[in-house]
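Let me begin by presenting the structure, written as structure tokens, before commenting on it.
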Amino acid sequence: MTENLQLGALLAACHWIGQKGWSPATGGNMSIREGDAHCLITESGKDKGSLTAEDFLLVELESGLAPSGRRPSAETGLHTMLYSRYPETGAVLHTHSVNSTVLSRVERSGALVLEGYEMQKSLSGQTSHLDQVVIPIFDNSQDIPALAQKIIASSEHTPLQYGFLLRGHGLTCWGRDVAEARRHLEGLEFLFQCELQRRLLEAK
Ligand SMILES: CSCCC(=O)C(=O)COP(=O)(O)O
Ligand SMILES: [Zn+2]
């Protein structure tokens, strides 16, 4: 039997996310692409910091359903939207850190604009702190198909890169593989903490 190296890397990333405190309780969901028509995604309701390989379900991108009959993440529709629209996407990480939850509420507009930070270069394609990184923020919703449609509509004028925030909920980010998605997650979380602290200090 061949070993799924990306699944091993994803499991390690989930454990790391748990240790960082970015998936408290049962928050968060994580996935990898499995070919053109499927992904492997976390089962709904699990503690994402202590997953095993058996906690990942094969899901069809078109239907969002798991042939096994088990219940994939409640937010599967956001992962399948990313894999379907962006063929280069190989891994998606959704987390519930305090900083992403709070900053997405403090920033009331439809996007968090980051500029002036050297760590912007942790995001693929970014080469200077002088450029702007735009992370769209969408109002949270329990209607995942409707939310996915809103995100698609927004991407027509603001292309999706790296990740988006759900207001009061958390961050969804991705990469070509688990290593890149993990680097984007760590880079964005660092930038969110800097931005939150900057706003707090400058408000005084
Ligand atoms: C307390 S977690 C609320 C649901 C959520 O936002 C999440 O990320 C986890 O849902 P899942 O169905 O993927 O376990
Ligand atoms: Zn969530």
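Structure above, values below:
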| read-out | value |
| --- | --- |
| Every residue from the range 122-180 that is touching a Lys or Arg at 6+ places or on another chain (Cβ under 7 Å) and among the acidic types (Asp, Glu) | 139 |
| Test set (1) more than 16 Å from ligand 2 (Cβ to nearest atom); (2) surrounded by 15 or more Cβ atoms within 10 Å (Cβ to Cβ); (3) within 14 Å of residue 17 (Cβ to Cβ) - residue 50 fails condition number | (2) |
| Of all residues making up the range 14-47, the number that are farther than 18 Å from residue 174 by Cα and either at pLDDT below 95 or exposed (fewer than 14 other Cβ atoms within 10 Å of the Cβ) (or both) | 4 |
| Flag if residue 69 is surrounded by fewer than 21 Cβ atoms within 10 Å (Cβ to Cβ) and within 15 Å of ligand 2 (Cβ to nearest atom) | no |
| Filter pass, residue 17 being of a type in the set (A, V, I, L, M, F, W, C), more than 16 Å from ligand 2 (Cβ to nearest atom) and either in contact (Cβ under 8 Å) with a residue 60 or more places away in the chain or within 23 Å of residue 187 (Cβ to Cβ) (or both) | no |
| Selection status of residue 57, away from ligand 2 (no atom under 16 Å from the Cβ), touching a Pro at 6+ places or on another chain (Cβ under 9 Å), aliphatic (A, V, I, L, M) and under 19 Å from residue 6 (Cβ atoms) | yes |
| Cβ pairs under 7 Å, 6+ apart, first in the range 165-186 and more than 19 Å from residue 8 (Cβ to Cβ), second assigned to a helix (DSSP H, G or I) and more than 16 Å from ligand 1 (Cβ to nearest atom) | 171/188; 173/184; 173/188 |
| Extreme residue, farthest from residue 149 (Cα to Cα), among residues of the range 83-98 that are surrounded by fewer than 23 Cβ atoms within 10 Å (Cβ to Cβ) and within 16 Å of ligand 1 (Cβ to nearest atom) | 98 |
| Residues satisfying the stated conditions in the range 1-13, i.e. at pLDDT 95 or above and surrounded by 15 or more Cβ atoms within 10 Å (Cβ to Cβ) | 6, 7, 9, 10, 11, 13 |
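The values are calculated or read from the model by the stated rules, or taken from the named source; none is laboratory data. Since the model is a prediction, treat every value here as computed from it, not as a measurement. Cβ coordinates were reconstructed from backbone atoms using ideal geometry, including for glycine residues, and neighbour counts include every protein chain displayed.
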